[in-house]
């Protein structure tokens, strides 16, 4: 029926704009030719509308479509999967733009635009992106209403208002569904492998300068709340991937063969229970206070003692861990010989120094002390911008430049220890945490990224050694900004002081924290704990609550939409006239419904001659405003003043 | 949209149920929740498919934002039901004037939609199928008029029966409709006979005239113009000079008055007779002659003018042989 009606030009433009808004955030991810295809189709469409051109012949359309599908297959190797699927939908929907002639076609494009919004949400969910997606949702919905409108309409603004009203009225119901709809366990099909974009965060290899790179960003890595008090600054080490293999330059993680499961944790110190809200970083590590002892189910353990998720962390993830700072890992089990391996022929000076230490003492503990003293006493500089050492990263750092960042320090100490036959490994993670005064949680940023060393001692286990703090002890207490020189490229939030910019950013981060906490991290576990707190443990009760809440939300929307019968309000000029009439009514001279303003004025003047002049003036003003075309704002204001002044007795 | 037809017996029961709910034909109708039906359209099915897909994505990737998007769209679709309903509820329909037509023509039934609310009603469609009039907006506290074109194949009284008022506003996801039965109808005159037609017999009596003959002008004086006087007889020269319109009085002989008699037409069937009588009435009126109509059971004395013509034609329309 009405689907056969042609789409109006503004509506077609609206559809193009909606698709562009939905596609915009994906542009960096899509192959360039997809974007070109869509842009070309949109441009053709707008040009054709202006010229009144017909469609290109079917063969051309079919040919381009087939080429697009082939292009997706060539680019991704498949049509299935998130990346390929998104590209395919983008290309096909873009081509559909050429054909959009009726509301039915527009509907297809709109539904495709909604899908693209969801596809973007699968990649990024942080607050700015979410706000953009909300705005894009409004745009796409507005375009839909414009396309479905069968009568000439009030322009894009009217559709924008209508879309905002529709989405706003739907919000309570959406909130009820979000809270109460059960979160079914996923994944239903395989998770994609760790994909593409360079995301800030710890990687599973350490190269010289890598940590320094990471520390230039003050993006939030994760947020923590502690069940009881927070640990002292010296214990705020956060354990990330543990690296065990060294090739002369780079430390990597080599899975220990034949061992899985949790490493033993020695005794010493109290447990610290804390809840971490981790930002997506597309790798598997789950950061926790060093060393973690217990974690909720779903969390796996790496042989190095750090925590792993079952797949790459792509969404904000919340988990609770009990750690025991002060305890040591694996006090009983001696690590295999590989932990003292070094590539042959590398770092001759370091080997020589370590060999001397070993010769002078048989005790591993004493060697460790000498190594740390080396870092403390020699004049090392902690800096984000050391001179580069491509040739001999360890020897050059230890004996020549003596300037570097945590990665250099940790790598060199581990090399020294291994050269002295002490089992050693490098642990990467974060050191420190900050809390802004108005918030209840602690924030750990990429600028807190850190690397340190663990050495194994018999009877004790893996002992944490931090050469960076040996050289720059303020790093623990003052953080990055307080331990580097003023001209270092420290990012904004890591710097000392409380500028207004920092305050602004802090407030924004508080919003982001709430967004992460209440929306993004709202998974099955969180929903369970929330609903159980409300007494809705059983699924039947939840279904009842869902139905009831849904009806309530719908009733709220209905009260907005259906409203009550609204008595039409008279216009302001008429109201003033009525007010004057009421005043005269107190004197027995109310206006009769059948008499006009001039007759009324004559009647009042006849009854009360002293009011004649004022009455005539008011009547003339009223007539001029209502019928004489003199309805201006000044005229109305003057009339209002005249009426207020008129007080007959 | 494809519409399926129900089997005969089921359809009759459904029609009866709908007729009972519609109630008696009324002078004006107000659409309320008892009369409005609402169902999803094909577009709603497409949206449901999309939402199911989004939900699957959200479950698989455990993504709270996609859940939120899916829920929000679903909630918006549900709220759209309220908007579509509100677009019809409270609308008043009133029959407008209808001009009588001849059998075989199409009667144009005017219906006025009145919107008493402060919110406009948008894209309301009246009628369906061939009679559909296209969507219209009814402004706030205003009205709009639509015309239902109903074919009038037979003479007599035409009641267009119930018609449908529909809307798919705002999102095209749901269709709300209501059946309306107004108390109106129109007279359908018999189709005037076409082609050359023998003249009606003149009234008995002397007179120079012999029936239909234009140009009979025995000037007998002037009188003030009365509504219904043939415009040919108005003295336009005087009007052009700024005077009042005056009509020439013509000495009408008995030959100026016609009696159009049903009984006279032997040899024709009843409908053919009526058809010819109709033609005669039209011709006589056009010629400016006075004419009377005689049907079994009805006699309309001779006269002239628009009202007289309508009276005669209505009598022809209503006649039951």
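All of the numbers you see were taken from the coordinates with simple rules; none came from a lab. Here the structure is a predicted model, which means the values were calculated and not measured. Reconstructed Cβ throughout: ideal geometry from the backbone, glycine too, with neighbour counts over all protein chains shown.
Remark: spin-label model distance residue A:524-residue A:647 equals 7.5 nm, labels positioned 7 Å along the Cα→Cβ axis. The value obtained for the protein assembly as shown, namely the Cα convex hull volume divided by the number of residues, is 309 Å³ per residue. Per q in 0.19, 0.28 1/Å, what log10 I(q)/I(0) does a Debye calculation on the alpha-carbon atoms of segment A:407-447 return? The computed values of log10 I(q)/I(0) come out as -0.65, -0.93. For chain A, the longest principal axis of the Cα atoms and the long axis of helix A:633-645 meet at an angle of about 70 degrees. Taking 37 °C and 0.692 mPa s as conditions, segment A:1-95 diffuses translationally at an estimated 228 µm²/s according to Stokes-Einstein applied to its Kirkwood radius (Cα pairs).
Compactness ratio of chain B: Cα Rg over 2.2 N^0.38 Å, N = residue count? Display every interim value, and only then the final one.
Numbers: Rg = 29.6 Å, N = 321, 2.2 N^0.38 = 19.7 Å.
Here the answer is 1.50, to two decimals.
Among B:285, B:266, B:154, the largest mean-square fluctuation in a Gaussian network model of chain B, built with springs joining Cα atoms closer than 10 Å, belongs to B:266.
Normalise the Cα radius of gyration of segment A:59-206 by 2.2 N^0.38 Å (N = residues in it) and let me know the number. List each step's numbers first, then the result.
On the way: Rg = 18.9 Å, N = 148, 2.2 N^0.38 = 14.7 Å.
Computed over Cα atoms of segment A:59-206, the ratio equals 1.29.
Each stretch of four or more DSSP H residues adds -39500 (n - 2.57); spread over every residue of chain A, this sum gives -15500 deg cm²/dmol at 222 nm.
A Förster radius of 22 Å combined with the Cβ-Cβ distance from residue A:574 to residue B:143 puts the calculated FRET efficiency at roughly 0.55. Mean projected area of the Cα convex hull of segment A:6-49, taken over all directions, amounts to 3.0 nm². The distance from the alpha carbon centre of segment B:221-291 to that of segment A:416-453 is 112 Å, rounded to a whole number. The helix-only estimate of mean residue ellipticity at 222 nm for chain B, built from DSSP H runs of length n ≥ 4 each weighted as -39500 (n - 2.57), is -10000 deg cm²/dmol after division by the residue total.
Kirkwood hydrodynamic radius of segment B:92-206 from all distinct Cα pairs, in Å? Roughly 16.3 Å, rounded to one decimal. For segment A:540-615, the alpha-carbon coordinates run over 80, 19, 18 Å along the three principal axes, in decreasing order.
Estimated from the Cβ-Cβ distance and a Förster radius of 35 angstrom, the FRET efficiency linking residue A:538 and residue B:49 is about 0.65. Between residue A:262 and residue A:366, the C-beta separation translates, for a Förster distance of 41 Å, into a calculated FRET efficiency of about 0.85. If the convex hull of the alpha-carbon atoms of segment A:494-593 is projected onto planes in all directions, what is the mean projected area in square nanometres? For segment A:494-593, the mean projected area of the Cα convex hull comes to 16.1 nm². Per-residue shielding of A:111-124, expressed as the average number of other chain Cβ atoms within 10 Å of the residue Cβ, stands at 5.
Centroid-to-centroid, using Cα positions, segment A:334-407 and segment A:502-527 are 42 Å apart. Hydrodynamic analysis of segment B:68-124 uses the Kirkwood radius over alpha carbon pairs. Inserted into Stokes-Einstein at 37 °C and 0.692 mPa s, it gives a translational diffusion coefficient of 224 µm²/s.
Principal-axis analysis of the Cα atoms of chain A puts helix A:539-561 at an angle of about 40° to the longest axis.
Give the average over all directions of the projected area of the C-alpha convex hull of segment B:35-130, one decimal, in nm².
Result: a mean projected hull area of 9.2 nm².
When Rg is the radius of gyration of the Cα atoms in segment A:414-532 and Rh is its Kirkwood radius, what does Rg/Rh come to? Rg/Rh: 1.10.
Counting each pair of different Cα atoms once, what's the Kirkwood radius of segment A:23-77 in Å, rounded to one decimal?
12.6
Per residue, the convex hull spanned by the Cα atoms of segment B:262-321 measures out at 70 cubic angstrom.
Relative to the 2.2 N^0.38 Å rule of thumb, segment A:236-395 has a C-alpha radius of gyration ratio of 1.23. Compute the separation of the alpha-carbon centres of segment A:269-289 and segment A:603-640 and state it in Å as a whole number. Here the two parts' Cα centres lie 77 Å apart.
The Kirkwood radius of segment A:328-393, taken over pairs of alpha-carbon atoms, gives through the Stokes-Einstein law at 4 °C and 1.567 mPa s a diffusion coefficient of 88 µm² s⁻¹. Taking label positions 7 Å along the Cα-Cβ direction at both residue A:582 and residue A:511, the computed distance is 4.4 nm, reported to one decimal.
Using only the Cα atoms, what convex hull volume per residue in Å³ does segment A:339-481 have? Measuring per residue, one finds 119 Å³ for the Cα hull of segment A:339-481. Note on residue A:230 and residue A:53: the model spin-label points, each 7 Å out from Cα along the C-beta direction, lie 6.3 nm apart. In chain B, the longest principal axis of the Cα atoms and the axis of helix B:42-61 are about 10 degrees apart. Every pair of different Cα atoms in segment A:64-126 enters the Kirkwood calculation, which places the hydrodynamic radius at 12.4 Å.
To the nearest whole percent, what portion of all C-alpha pairs in segment B:116-180 is separated by more than 15 angstrom? All intermediate terms of the calculation are to be shown ahead of the outcome.
On the way: 1216 of 2080 pairs.
Summing the P(r) of segment B:116-180 above 15 Å gives 58 percent of all pairs.
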